[in-house]
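Pasting a structure here, questions to come.
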Amino acid sequence: MTSPKITAALAGNPNSGKTTLFNALTGARQHVGNYPGVTVEKKEGVAKIQDREIHIVDLPGAYSLTSYTPEELVARNMVLDERPDVVIDVLNAAALERNLYLAVQFMELGVPVVLVLNMMDEVRAAGMTIDKAKLSRLINAPVVETVAKHGVGKEELLRQAMELAKQQDGTWKPLNISYGPDLDHALKDMVALIQESDFLTHRYPAQWLALKYLEGDEEVLEIGRTEGTLHDKLQEIVDNVSDHCQKTLSTYPEALIADYRYGYIASILKQGVLTRDTTHDRIARSDRMDKVLTHKMGGPLIMLLILYAIYKFTFSVGDIPLVWLSEFFDFLGHSVENAMPAGMLRSMLVSGVIDGVGGVLSFAPLIMIMFLLIAFLEDSGYMARVAYMMDRVFRIFGLHGCSVMPMIVSGGIAGGCAVPGVMAARTLRSPREKLATILTAPFMTCGAKLPVYILLVGVFFPKNEPTALFAITLTAWAIALLVAKALRSTLVRGPSTPFVMELPPYRLPTAKGLIIHTWERTWQFIKKAGTVILAISILLWAAMTFPRPSSQEARDIQSSIKVQEALLSQAEGGQVRLNQEKTEQLKAQVEALHGKFDQLALQNSVAGRVGVALESISRYAGFDWRLNISLIGGFAAKEVIISTLGTAYSLSEEQTSEEATLAKRLRQNPNMTRATAVAAILFIMLYSPCFVTVVTIKQETGTWRWAAFSMIFNTALAAALAVAAYQIGATLA
Amino acid sequence: MATHALPLRQLPQNASARIVSVAATGELGRRIRDMGLVPGTIVKVIGRAPLKDPVALRLLDFTLTLRNSEADYITVEMLESAP
């Protein structure tokens, strides 16, 4: 008989080295997915020991098993629903007391637990000693020492996990600790009632269920409520004992339970498990670094420098592979163009697939570098300090100290990109603050909007270019923060999530962890580019291509293009003699005709018709149909605004790329005034994020609802402000 | 040993104190207790952010930061400072 595969759940506090241990145990044999319905990552992998495999599920880092954060819920429900053979609880042994709090909660649940004393090197360096055998005996669980970053102790850990799984063989033995006479009494009554009627016992151990009732756990109560009559009886017992606690101790059961858990832990550690050499201060080095890095003057200054350096590095180093990639896709486009006969299929492949997906894939290096740097900041402990220093400012707007990073990457320093920016919001553990950050970060001046601003500013404010661009960046910040505040007072209302956060000691991140982390993120993005983004890209191409123009004018242009091109090719072939001047003239004519035809085609396409139809509304902001169509094109990517504008002014591709020509046309258009330019800049700053960002918003918020919201709300806001700006501007002029 | 009780917000830098009570309820209460801020725990203010808020605490061998408004729920009693 072959024994079935063992499943182990890897649990632990954030910063306990859990991920490092997971990487050490599973190596490259990992699979990353998402838990259904939430944006919490689900990582799985396989570890091998003595020809046997242990399936390891990496639970999200959590301090506790309450139902407040999605991470905690996911962690405990995975254990409840999938009943792993064993839970491997990774403890930062250097802060043993707090780390044991989660372990005790797993033990209350009854699942077999192996305790991992990780970071033993730090423990020793700090002059602390932990009596492993005594801890194991007192807490009644196997204890293994590891140094995850060097892979020390992992075989022993796997062996112990395997042993325990075999020994327990699926039986759960809930730990019973005393929560004080009042609660113990209530618990006993509740457990008796629960067991008597088998209330929810298929899912929850009776003792744990009763405990959760006392804690007032929202999720458990909700399930209990729908389950029948015993719920009311249990609730009654809880209410009585709560009343009693309130009167006699002026506290409540949930607080008491936490106190007794910590009391239980302290009582174990005091029996000689933990001894310390008081001459050492473990965190001394980290504290000295904090004296400088969070100094009241120097701290913010250094932070600005670091953030600026990250930004500079990402977008200057990231630019190199970005240029390679876009050149590669240009080359691919040209090759396809040359290899295939002209027609719709070629146009779709080149303009839809290659330009669209290629444009998106070019972001991959940016995302890679940015995540590498962010992972470094996070793993080193610096990110927590950024939040610590910035929180006072961002809190005013209903955001979190950690919001600063997504904002800057999105273009808080002009030239960023909202795609990695929105992804960077993952570092926020507070759901409401994270959502508000994700929804407002796309207002920032990304690298694709920048050339559009430069064009408009260059034409309409030629003397004040730098000032105007600086003003645009500041306006974007102001609006983003104000909209965040507005959202947090309306749609994303709710008290600010508690800030209570660990400042982990500074550590040097491991290269392996950084690389795995970075690659996962990048790969997720690439997969998106291959699916959703490809589909939308083709859809946008179709909207800007079909229906083809069929008017008399279009046909006339096409036939004269044919005639003149034929003439030109005959001239090249030597069948017809043309002088130099005449040839040049003819070429220019053909080019102009092509431009004119493309303009007609664009105007006739679905996007074009919408743009023309919208003129009746958009004229309040001073936008004509040309600008409208370009803005629609900008949904594909903001830099498309310029090329579409060129087509709308019937410029050929080459002419558009010489910006001077387009600038001249804009200047000559009597409808384009300074007021229009200001309105257009505001509109471009605020309206719907490009669809790649929209897809990213969906991915990071877990629902299309917020993605759709960002398109509709942002466009409405942009329209309102653009109209206001134009009307004021027109009045002043 | 112990002197009078005071809100954690007023604890001067580098002074140690023992937590007397935690009045926060709901999510905040849970977070605070999960991190080990329970009655009896010894805490020390080791720093404040550049704008004086949040505050950084040392307890149970690690560093924790929380906002002043959150610290207000915690009452402590100062310990005689060790030399």
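Could you pull the accessible area for A:Val350 with a 1.4 Å probe, rounded to 10 Å²?
20 Å²
If each of A:Asn338 and A:Ala125 carries a label point 7 Å out from its Cα toward its Cβ, how far apart are those two points in nm?
If labels sit at A:Asn338 and A:Ala125, their model points lie 5.8 nm apart.
Would you check the accessible area of A:Arg225, probe 1.4 Å, heavy atoms only, in square angstrom rounded to 10?
Accessible area, nearest 10 Å²: 130 Å².
Further question on the same structure: Given 0.36 nm per residue, what is the gain on full extension from A:Gln50 to A:Thr531 after removing their alpha carbon distance, in nm?
Gain on extension, A:Gln50 to A:Thr531, equals 169.1 nm.
Grab the Cα-Cα distance for A:Ala613 and A:Asn464, subtract it from 0.36 nm times how many residues apart they are, and report the gain in nm with one decimal.
Full-extension gain reported as 50.2 nm.
Search the structure for amide H atoms under 5 Å from the amide H of A:Phe499, placed 1.01 Å from N in the peptide plane, and list their residues when 5 or more places away or on another chain.
Hits under the 5 Å cutoff: B:Arg67.
Just to check I understand the Karplus step: with θ = phi - 60° and J = 6.51 cos²θ - 1.76 cosθ + 1.60, what whole-Hz values come out for the range A:50-65, glycine and proline as x?
With the stated coefficients, the range A:50-65 comes to 6, 6, 10, 10, 10, 7, 10, 9, 8, 6, x, x, 8, 8, 7, 10 Hz.
Taking the 0 to 90 degree range and rounding to the nearest ten, how far is the long axis of helix A:704-732 tilted relative to the main principal axis of chain A, both from C-alpha atoms?
On a 0 to 90 degree scale, this one is about 50.
Can you give the extra length, in nm with one decimal, that the chain gains between A:Ser560 and A:Glu227 once fully stretched, where that is 0.36 nm per residue apart less the Cα-Cα distance?
112.0 nm
Under a 5 Å amide H to amide H cut-off, with H placed in plane at 1.01 Å, what residues pair with A:Asn34 once short-range neighbours are removed?
A:Lys42
Using the Karplus curve 6.51 cos²θ - 1.76 cosθ + 1.60 with θ = phi - 60°, what ³J(HN,Hα) values do you get for each residue of the range A:489-495, in whole Hz, with x for Gly and Pro?
3J(HN,Hα) across the range A:489-495, in whole Hz: 9, 10, 5, 10, 5, x, x.
Tell me the net charge near A:Lys596. Cut-off is 11 Å between Cβ atoms, A:Lys596 excluded, with +1 for each Lys or Arg and -1 for each Asp or Glu.
Surrounding charge for A:Lys596 is -4.
In whole Å, what are the Cα extents of the range A:181-251 along the three principal axes, biggest one first?
So the extents along the principal axes, rounded to whole Å, are 35, 21, 17.
A follow-up question, please. Just to confirm a number: summing +1 for Lys and Arg and -1 for Asp and Glu over residues other than A:Asn669 whose beta-carbon lies under 11 angstrom from that of A:Asn669, what do you get?
+3
What distance in nm lies between label points placed 7 Å from Cα along the C-beta direction at A:Arg285 and A:Lys587?
6.7 nm
Take A:Val292, project a point 7 Å from its Cα along the Cβ direction, then tell me which residues of the range A:305-344 have their backbone nitrogen under 14 Å from it.
A:306
Now, a different point. For Cα pairs less than 8 Å apart in space and 6+ apart in sequence, what is the mean separation divided by the residue count of chain A, i.e. the relative contact order in percent?
For chain A, the relative contact order is 9 percent.
Another question, if that's okay. Which whole-Hz couplings ³J(HN,Hα) result when phi for each residue of the range A:557-571 is put into the Karplus expression 6.51 cos²θ - 1.76 cosθ + 1.60, θ = phi - 60°, listed in order with x for Gly and Pro?
Karplus values, whole Hz, x for Gly and Pro: 4, 4, 5, 6, 4, 4, 4, 5, 5, 4, 4, 4, 5, 5, 5.
So what's the angle, to the nearest 10 degrees on a 0 to 90 scale, between helix A:659-668 and the longest Cα principal axis of chain A?
For A:659-668 against chain A, the angle is about 70 degrees.
Still on this model: Given +1 on the Cβ of Lys and Arg, -1 on the Cβ of Asp and Glu, and no further charges, what dipole in debye does the range B:5-78 carry about its Cα centre, rounded to the nearest 20?
Value, rounded to 20: 120 debye.
What is the distance in Å between the Cα centroid of the range A:674-733 and that of the range A:405-442?
About 17 Å separates the Cα centre of the range A:674-733 from the one of the range A:405-442.
Still on this model: Quick one: putting +1 on the C-beta of Lys and Arg, -1 on the C-beta of Asp and Glu, what dipole do you get for the range A:548-602 around its Cα centre, in Debye to the nearest 20?
I would put it at about 140 debye.
Sticking with this structure for a sec: Tell me which residues come under 5 Å, amide H to amide H, from A:Ile56 once H is placed; ignore anything under 5 positions away on its chain.
Those lying under 5 Å, H to H, from A:Ile56 are A:Ala8, A:Gly45, A:Val46, A:Ala47.
Which one of A:Gln727, A:Phe329, A:Leu372 has its Cα pushed farthest toward the positive end of the charge dipole of chain A, where Lys and Arg give +1 and Asp and Glu give -1 at the Cβ?
A:Gln727
Please name whichever of B:Tyr73, B:Asn14, B:Leu37 sits farthest to the positive end of the charge dipole of the range B:5-78, dipole taken about the Cα centre and charges placed at Cβ: Lys and Arg +1, Asp and Glu -1.
Value computed over the given set: B:Asn14.
Something else about it: Below 19 Å, Cα to Cα, which aspartates and glutamates can A:Lys312 reach? Residues fewer than 8 away in the same chain don't count.
In chain and number order, the partners are A:Glu378.
Just how large is the dipole of chain A about the Cα centre, in debye to the nearest 20, putting +1 at every Lys and Arg Cβ and -1 at every Asp and Glu Cβ?
Around 1360 debye, computed over chain A.
Would you mind checking A:Lys5/A:Lys132; A:Lys596/A:Lys664; A:Lys291/B:Lys52; A:Lys173/A:Lys212; A:Lys18/A:Lys43; A:Lys212/A:Lys434 for any pair whose Cα atoms are more than 23 angstrom apart?
Pairs exceeding the cut-off: A:Lys5/A:Lys132; A:Lys212/A:Lys434.
Now for a separate question. Nearest 10 degrees, 0 to 90: what angle lies between the long axis of helix A:580-604 and the longest principal axis of chain A (Cα atoms)?
The two axes meet at around 50 degrees.
A further question follows. Taking every residue in B:19-30, how many Cβ atoms of other protein chains lie within 10 Å of its Cβ, on average?
Whole-number average of other-chain Cβ neighbours for B:19-30 is 5.
What FRET efficiency comes out for the pair A:Ala663/A:Gln727, r = Cβ-Cβ distance, R0 = 22 Å, nearest 0.05?
Efficiency, rounded to the nearest 0.05: 0.30.
In nm, to one decimal, how far is the B:Glu27 label point from the A:Arg674 one, both placed 7 Å along Cα→Cβ?
4.8 nm
Given the peptides A:93-104, A:496-507, arrange them by the average over their residues of other C-beta atoms within 10 Å, most packed first.
Taking the mean over residues of other Cβ atoms within 10 Å, the ranking is A:93-104, A:496-507.
Show that you can apply the helix-only estimate: for the protein assembly as shown, add -39,500 (n - 2.57) for every DSSP H stretch of four or more residues, divide by all residues, and state [θ] at 222 nm to the nearest 500.
-18500 deg cm²/dmol
Further question: Heavy atoms of the protein only, probe of 1.4 Å, neighbouring chains included. What is the accessible area of A:His594 in Å², nearest 10?
Probe radius 1.4 Å; accessible area of A:His594 about 70 Å².
The values are calculated or read from the model by the stated rules, or taken from the named source; none is laboratory data. Every value quoted in this text rests on a predicted model; they were computed, and no experiment measured them. Glycine also receives a Cβ, built like all others from the backbone with ideal geometry; neighbour counts cover every protein chain displayed. For the accessible areas, the whole protein counts, side chains as well, though only heavy atoms, and no ligand, DNA or RNA atoms are used. Shrake-Rupley method; radii C 1.70, N 1.55, O 1.52, S 1.80 Å.
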